[in-house]
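Here is the structure we will look at.
The values are calculated or read from the model by the stated rules, or taken from the named source; none is laboratory data. Predicted, not measured: the structure shown is a model, and the values here were computed from it. Reconstructed Cβ throughout: ideal geometry from the backbone, glycine too, with neighbour counts over all protein chains shown. Ligands, DNA and RNA are excluded from the accessible area calculation, which covers all protein heavy atoms including side chains. Shrake-Rupley method; radii C 1.70, N 1.55, O 1.52, S 1.80 Å.
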Amino acid sequence: MDKSIIKALMGHEFYLEVKHRLSENVFGDDFKPLYKTIVAAHDKFEHDLTATELEVLWKAQNPVATNAEIGDITDLIRLVENSEPISSDVADEAIQQLHRRDLGTRLANLSIELSEGSPTAFTRLRKLVDQSENNLTTLDFGDPVTDDLMQILDDVSDKNRFKFNIETLSRRVYGIGRGEFGVVFAVPNAGKTAFMVSLACGPGGFCDQGAKVLYLGNEEKGTWTKLRAHQAFCGLTKDQIVANPQAAVSQFEVIRQNFIMYQSQEWDMEQYQALIERIQPDVVIIDQADKVNIAGNFNASHERLRELYRRLREISKKYNIALIGVSQASNEARNRTRLSPFDMEGSKIGKAAETDLIIGIGKHEQGDIDDSEPDPTRYLTVGKNKLTGWHGTIVVNIDAAISRYVE
């Protein structure tokens with residue numbers, strides 16, 4: 001069968017149709033050198049190949065080949081040349097079967113590694129499945145983007161977004177929608193988690209709108225964040241909840257099923273994806289996004305962060321979710337009220353390039369104001385906005401006692 005497929009692959013158009021399913025592992029050892037020569041030839045020459053051209057190209061690629069090796073290749077090429085031609089659809093079906101067989105072998109080998117405790121086997125296994133998913137059958141490019149302007153306007157309208165429950169913010173940036181990736185960042189103790197909890201669980205927040213919110217926390221202890229969620233929704237301080245916990249439980253029941261939280265310290269990207277697949281949320285909040293582990297070798301931390309943010313953006317599209325990541329600001333952002341995307345920690349451009357929306361939370365440093373009480377003023381600066389195009393700063397207040405952001 002190998003010789004018939006090799007003969008079919010000498011046709012340029014057929015090669016282009018099936019090359020996404022091909023690899024040298026599909027062929028026996030004898031035919032692998034010819035396959036490599038065909039690939040190199042088609043990548044350079046846009047026409048069908050003859051047996052003579054195949055022989056000439058192989059010899060040019062192997063200038064130190066022995067007479068015995070040249071003789072073997074020549075005989076093999078003659079065998080291919082004299083083989084019965086097969087139709088392109090039959091050849092395509094045969095290649096699909098060979099691809100499945102090769103994929104099954106590699107998956108089986110990785111499964112054995114996984115059972116033996118290899119720490120990287122699951123990541124490699126999942127990557128192999130993702131890469132091969134569309135190659136098991138003829139590529140499906142889906143439908144082109146619609147020409148229906150009314151449908152386009154409907155798809156990008158605010159009715160398909162989850163509204164921010166801060167009115168002054170929502171008038172400028174209504175909210176975040178499915179397939180969109182946003183980032184919220186600030187210096188430590190500025191109120192990042194409180195902001196996210198307020199957006200999710202405060203009155204009129206994502207949960208109140210009927211969205212299923214998956215909150216993945218890998219920094220603050222999860223029980224603290226869950227308590228904040230109760231405070232934000234019920235408008236109760238910690239002391240008030242301690243005094244009457246049943247009242248808080250009763251009130252929070254309204255959104256309890258819509259707010260799902262997991263502690264996710266040291267999770268890798270595969271664990272996040274697996275949980276998203278299981279929960280099927282509408283909104284996902286990762287607090288903090290920069291701490292998500294990803295496989296790969298990176299020369300510098302900014303390269304890792306850019307790739308991490310690229311993958312998070314792809315997750316928002318793949319699972320059709322609104323995804324918001326929480327990040328730290330750099331040290332240069334301390335005591336500044338208006339933070340630009342360039343103030344994010346670890347990556348000046350790479351992280352920002354992969355996002356649809358960036359909101360920086362600025363504040364006055366304690367001690368720089370006359371009041372002895374902490375200044376509740378916060379400055380929400382929209383530094384990147386592919387959703388509405390508006391950029392600017394909105395002044396709000398944090399009510400830390402009930403973990404809410406208010407006008």
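List of remarks:
- Computed over protein heavy atoms with a 1.4 Å probe, the carbon and sulfur contribution to the accessible area of the stretch 253-299 reaches 39%.
- Solvent-accessible area per residue for the chain (1.4 angstrom probe, square angstrom): 51
- When peptides 80-86, 3-9 are sorted by average Cβ neighbour count within 10 Å, with the highest value leading, the order is 3-9, 80-86.
- Proximal charge balance of LEU49 [Cβ under 15 Å; K/R count +1, D/E count -1]: 0
- Three-way shape call for the stretch 174-232 based on the alpha-carbon gyration tensor, with the a/c threshold at 1.5: oblate
- Scattering curve values for the chain, log₁₀ I(q)/I(0), Debye with Cα scatterers, q = 0.07, 0.11, 0.12, 0.13 Å⁻¹: -0.49, -0.89, -0.98, -1.08
- Take every DSSP beta bridge whose two residues both sit in the chain; close to 40 percent of them are antiparallel.
- Largest accessible area first, the residues ARG126, ARG336, ARG306 order themselves as ARG306, ARG336, ARG126 under a 1.4 Å probe with ligands, DNA and RNA left out.
- Residue ranges 347-354, 193-200, 60-67 sort as 193-200, 347-354, 60-67 when ordered by packing (mean number of other C-beta atoms within 10 Å per residue, highest first).
- The charge dipole of the chain, taken about its Cα centre with unit charges on the Cβ of Lys, Arg, Asp and Glu (plus for the first two, minus for the last two), comes to roughly 1380 debye.
- Using only the C-alpha atoms, the convex hull of the stretch 64-201 corresponds to 320 Å³ per residue.
- 222 nm mean residue ellipticity, helices alone, for the chain (DSSP H n ≥ 4; -39,500 (n - 2.57); rounded to 500): -13000 deg cm²/dmol
- Max mean-square fluctuation residue, GNM over the chain, Cα-Cα springs under 10 Å, options ASP158, ASP48, ASP282: ASP48
- Of all lysines in the structure, the ones whose alpha carbon falls short of 23 Å from that of LYS363, not counting any fewer than 8 places away in one chain, are LYS192, LYS348, LYS351, LYS384.
- In the context of the full protein assembly, THR120 retains an accessible surface of approximately 70 Å², using a probe radius of 1.4 Å and ignoring ligands and nucleic acids.
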